[in-house]
Every structure is written in C-alpha cells, then in structure tokens.
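The values are calculated or read from the model by the stated rules, or taken from the named source; none is laboratory data. These numbers were taken from a predicted model, which means no experiment stands behind them. Positions of Cβ are generated from backbone atoms using ideal geometry, with glycine treated the same way; all protein chains shown enter the neighbour counts. Accessible surface is based on the protein model in full, side chains and every heavy atom, while ligands, DNA and RNA are left aside. Shrake-Rupley method; radii C 1.70, N 1.55, O 1.52, S 1.80 Å.
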Amino acid sequence: MATPVEATDLPDVKELFGRKLRSVRRSKGVSQERLAALAGLHRTYVSSVERGERNISLVNIDRLAAALDVSLRDLMP
C-alpha cells in the first residue's frame, strides 16, 4: 500500500505558479506595473502573486493570462 503524500512533501503550488507567471511576464517583456494595469489589478498584488504569497483565484489567473495574451495552461506550472 502506498504511503499518502503529505502536503509538506509537495512544492508550494503558489510559489510554482508565481515563478511561472514571472517567467512568462519577463519573456513577453512586460513589467509588473504594466501587467497589473492590463489585468485590472494592483502592482503590489501581482508582485505578491509572483512571490508565492497569494492564493490567487481562477478569475485573476484568467485576467493575467488575457493580459499576457497566453492561455491559462501557459501559466500553469
């Protein structure tokens, strides 16, 4: 019988998402401030998402994807 995976054994999905968002944003040459404006979010919110400090909603993930002109899938780690 397999041992259940403990949440502490897994990478933090918020951090993984934040790293992926930062990578996509930088590859598009977009600043945090510009991304926030395009997505209708505050720059400090985008910054905290990129640092893995926020449990971001699907609605805001969709806004960020649209602002970066990528699919939701492209933002998933």
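Which percent of the accessible heavy-atom area of the chain goes to carbon and sulfur, probe 1.4 angstrom?
Working: 2670 of 5280 Å².
Using a 1.4 Å probe with all protein chains present, the chain comes out at 51 percent carbon and sulfur.
Counting Lys and Arg as +1 and Asp and Glu as -1, what is the net charge of the other residues whose Cβ lies under 13 Å from the Cβ of Asp62? If you can, show how the numbers build up before the last one.
Numbers: positive: Arg63, Arg73; negative: Asp69, Asp74.
Net charge in that neighbourhood comes out at 0.
Taking 0.36 nm per residue of separation and subtracting the Cα-Cα distance, what length does fully extending Val13 through Ala66 add?
17.0 nm
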(Q) Given R₀ = 22 Å, what would the calculated FRET efficiency be for Asp74 paired with Arg43, taking r from the Cβ atoms and rounding to 0.05? (A) 0.55
Q: Of the listed values (i) 1.13; (ii) 1.74; (iii) 1.19, grab the one calculated as Cα Rg over 2.2 N^0.38 Å from the structure here.
A: (iii)
